[in-house]
Amino acid sequence: MRRVAGRAVATAVGVWALACGDESAVAAAKTADASAGSEVAIGTDASAAAIAEPTLTGPGHQDGPYVELTGTWSAESQRVVVTVWAGDLPNLLGMASHLTWDPAQLELTASQALDLTEESEATGFAWRHVLKPLAAGRLTAGTARFRTLSHPYAYPEGAKVGRSAWLKLEFLVKSAGKLTIAFDPATQLARKAEGELLPVQWVGATVEVPAGFAIGGAP
């Protein structure tokens, strides 16, 4: 039991190192299987398209663990508002990846990490997040489940995540055309409490900006 617990602790540390941009952790990260389904339009309806607003589309995930993007255009803030969802994750201890885009096309203006499950003093656990821009067009995101109380027999435990919002992001549009938001395959990592890798589908998305759209927006 002690060896299993040690491996689980090392797993949480490894996920944390990746989220913080540790190069050795990035090199060791395992790429996950990803399958493309039918493309589904997210966010705007036909009336919105008629007035040349940006739309976000992404391939649907297949059965099994996944992380995917959905999004809408906010006329009020003049931003593309993106939600990163995590789902069908059994016994998740932690996960991390780098989200990438072309900084000449999109500018990240706001970001927030959310807890994947509700935790409290009663559960004895808490989610800890890393959300940090590493460079223009690259955001490192990581989360791990930690015990809030220390005990010699308190082993790490994962959480079952059905479907939960993980990240909230806002982007300023800087050019027209098809703009890609994706997860860097070399940085994708998700593990169970026992240290076993979770084969997650990391599903990106495309922001399509019509040629007639007025570039820029409110500060």
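As a rough guide to protection, the peptides 97-106, 111-120 ranked by mean Cβ packing within 10 Å, highest first, stand as 97-106, 111-120. Using the Cβ-Cβ distance between residue 164 and residue 134 with R0 = 30 Å, the FRET efficiency computed as 1/(1 + (r/R0)^6) comes to roughly 0.75. Between the amide H of residue 189 and those of 96, distances stay under 5 Å, these residues lying 5 or more places away or on another chain, with hydrogens modeled in the peptide plane. Packing-based ranking of 155-161, 187-193 yields 187-193, 155-161, ordered from highest to lowest mean Cβ neighbour count within 10 Å. Amide H contacts for residue 200 (H built 1.01 Å from N in the peptide plane; partners 5 or more residues away or on another chain; cut-off under 5 Å): 33. Each Lys and Arg Cβ is given +1 and each Asp and Glu Cβ -1; about its Cα centre, the stretch 76-152 then shows a dipole of about 300 debye. Listed by Cβ neighbour count within 10 Å, with the fewest neighbours leading, 61, 151 appear as 151, 61. Sparse packing (at most 16 other Cβ atoms within 10 Å of the Cβ) combined with a DSSP loop state is found for the following GluC sites (Glu not before Pro) in the stretch 170-219: 194, 196.
Taking 0.36 nm per residue of separation and subtracting the Cα-Cα distance, full extension of the segment from residue 213 to residue 151 would add 16.6 nm.
Any read-out appearing in this document is the output of simple, stated calculations on the displayed coordinates, not a laboratory observation. Source: prediction; values computed, not measured. Cβ: placed from backbone, ideal geometry, glycine included. Neighbour counts: every protein chain shown.
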